[in-house]
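These notes are about the structure you will find just below.
The values are calculated or read from the model by the stated rules, or taken from the named source; none is laboratory data. These numbers come from a predicted model, not from an experiment. For neighbour counting, all protein chains shown are included, and Cβ atoms are generated from backbone atoms with ideal geometry for every residue, glycine included.
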Amino acid sequence: MEYSIEDRLKRLKSRRMDASNVPLVNRGFVEEYDRRTNNQATRYALGAMQEVDFRSTEISIEEAQKVENALTERLLKHGYRPRFRLQGSVPMNTHIRGASDVDLLEIHGETITFAGSGPSACNYVVSTRPGTIADEVLAMRTASEEELTTHFWGAKVDRSNAKSIQLSEGGFRRKVDVVPSHWFDSVDYQRYQNEIFRGVGVINKDTKERHHNYPFLFRHHIDKKGKDTYGGAKMAIRLLKSLSADSKKDLTISSYDIASVVFHCPSNSIMRHVARDLAILSGISAFLNQLAVNRSQAEALMSPDGTRKIFDKSKKWNSFLTLVANTFQLAREVERELVGPSFLLDRDFSQVLKSLNESKIPIVPNH
């Protein structure tokens, strides 16, 4: 048995709260979606799709900037000039928490690996320094840990995570994860010299294993999908992430996987139109159902950056089916509120989606 709609609304509200956001606090944490309807399921759907208050997102970015500034200044004496980039849901604006953690890539500026088959591979100079790439990055990590502990003396600097340094408390309004890494110049980066194609190598400090990923390419594709749908794709991502967070089951499908699934949804199904937010619930429900009954189609889908299949582990499938069921359950609950008590029997899938697709929830002007 999943949470009741009353409990899901409470969880949604609690998740979106941010005590650091003074204007939001002054409004009593009342947001625009709260004023558009009195129907509980509809209010949940609207709130789950809505972006986090702008000031809350701004605070997350400010906290990352604070760490970046400290490291930029304090690592100079160690001979490091790292580059910094944000990654994850905050810069993509697909986060669902008011006080969202933020990931800050700390990229070793002088340590680069590259694709040997790239058109510029012959132009790279092989390092003559002793040690491995992992040693270089981990040495920067050690210096960073020392400097962060000294500079943010009142904060908690957790060094235990294998891939990141985690800062919290002591004046931090957000948890900031610093991820030491290095550049990986892919074939496409060498060809086009565009940073969206540039990968990063993240080092596991316990095993010294290196994992390449392409956070800028992933973000580029999600941002483009968002623009192509006038923001509808990101609304769908937030909706599914909220439903996943509000499931009683511990779902193993990640935020990355959810965004990847939405990336493949036909854009016309999740296009944003004024006052027609529920059409996005209809469109994403239909697409998820299509994948649920066509497992081979779902398992062929690749992540937007092309690095792996979305359903690369069998245990994700049952979590996905739970998410599909919870999405349709919400669609049914919202549709019942729309059509009223005269429809006592459950209507079929197509009727529910049609009703949602045609509905309008008036926009309430800000005062």
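Taken over the stretch 17-53, residues that are in a helix (DSSP H, G or I), more than 24 Å from ARG336 (Cβ to Cβ) and touching a Ser or Thr at 6+ places or on another chain (Cβ under 8 Å) amount to 1. The residue pairs whose first member lies in the stretch 259-286 and is at positive phi, whose second member is surrounded by fewer than 22 Cβ atoms within 10 Å (Cβ to Cβ) and not small (Gly, Ala, Ser), and whose beta carbons are closer than 7 Å, counting only pairs six or more residues apart or on different chains, are ALA275/LYS360; ALA275/ILE361; ALA275/PRO362; ALA275/ILE363. Of the residues making up the stretch 77-135, those that are without any contact (Cβ under 8 Å) to a residue 40 or more places away in the chain and at positive phi are GLY79, GLY131.
Going by the structure shown, is TYR230 assigned to a helix (DSSP H, G or I) and at pLDDT 95 or above?
Values: assigned to a helix (DSSP H, G or I): no; at pLDDT 95 or above: yes.
No, not satisfied.
Residues of the stretch 23-42 that are among the aliphatic types (A, V, I, L, M) and crowded, with 17+ Cβ neighbours inside 10 Å: LEU24, ALA41. Quick test of your reading of the structure: GLY171 fulfils all but one of (1) closer than 30 Å to ASP7 by Cβ; (2) assigned to a loop (DSSP other than H, G, I, E, B). Name the failing condition by number. With respect to (1) closer than 30 Å to ASP7 by Cβ; (2) assigned to a loop (DSSP other than H, G, I, E, B), GLY171 is out only on (1).
Does GLU58 qualify as being within 22 Å of the chain's Cα centre (by Cα), assigned to a helix (DSSP H, G or I) and not hydrophobic (A, V, I, L, M, F, W, C)? Reasoning before the result, please.
Details: within 22 Å of the chain's Cα centre (by Cα): yes; assigned to a helix (DSSP H, G or I): yes; not hydrophobic (A, V, I, L, M, F, W, C): yes.
Here the answer is yes, as GLU58 does meet what is asked.
Residue under question is SER359, and the condition is that it be among the small types (Gly, Ala, Ser), at pLDDT 95 or above and under 20 Å from the mean Cα position of the chain (by Cα); does it hold? No: the conditions fail for SER359. Tell me whether the stretch 211-220 contains one or more residues that are of a type in the set (Lys, Arg), closer than 30 Å to ALA19 by Cα, under 23 Å from the mean Cα position of the chain (by Cα) and modelled with pLDDT of 95 or more. Within the stretch 211-220 (the criterion being of a type in the set (Lys, Arg), closer than 30 Å to ALA19 by Cα, under 23 Å from the mean Cα position of the chain (by Cα) and modelled with pLDDT of 95 or more), the answer is yes, since at least one residue qualifies. Can we say TYR192 is free of Cβ contacts under 8 Å to residues at least 12 places away in the same chain and over 19 Å from GLU62 (Cβ atoms)? Considered against the rule, which asks whether it is free of Cβ contacts under 8 Å to residues at least 12 places away in the same chain and over 19 Å from GLU62 (Cβ atoms), TYR192 comes out as yes.
Name the single residue that is surrounded by the most Cβ atoms within 10 Å (Cβ to Cβ) among those in the stretch 4-18 being more than 21 Å from ASN93 (Cβ to Cβ) and touching a helix residue (DSSP H, G or I) at 6+ places or on another chain (Cβ under 7 Å). Checked the stretch 4-18; the qualifying residue surrounded by the most Cβ atoms within 10 Å (Cβ to Cβ) is ARG8.
If the condition is being surrounded by 13 or more Cβ atoms within 10 Å (Cβ to Cβ), assigned to a loop (DSSP other than H, G, I, E, B) and more than 26 Å from the chain's Cα centre (by Cα), then the stretch 107-159 contributes ALA115, GLY118, SER120, TYR124, SER127, THR132, PHE152. Counting only helices (runs of 4 or more DSSP H) that sit wholly inside the stretch 282-367, those with at least 2 residues that are touching a Ser or Thr at 6+ places or on another chain (Cβ under 6 Å) and within 16 Å of SER260 (Cα to Cα) are 315-339.
So which of SER260, SER255 ends up being polar (S, T, N, Q), surrounded by 15 or more Cβ atoms within 10 Å (Cβ to Cβ) and touching a Lys or Arg at 6+ places or on another chain (Cβ under 8 Å)?
Numbers: SER260 fails: touching a Lys or Arg at 6+ places or on another chain (Cβ under 8 Å).
That would be SER255, the only listed residue that is polar (S, T, N, Q), surrounded by 15 or more Cβ atoms within 10 Å (Cβ to Cβ) and touching a Lys or Arg at 6+ places or on another chain (Cβ under 8 Å).
Based on this model, can you work out whether ARG238 counts as in contact with a helix residue (DSSP H, G or I) (Cβ under 8 Å, 6 or more places away or on another chain) and surrounded by fewer than 19 Cβ atoms within 10 Å (Cβ to Cβ)?
Working: in contact with a helix residue (DSSP H, G or I) (Cβ under 8 Å, 6 or more places away or on another chain): yes; surrounded by fewer than 19 Cβ atoms within 10 Å (Cβ to Cβ): no.
Criteria not met by ARG238.
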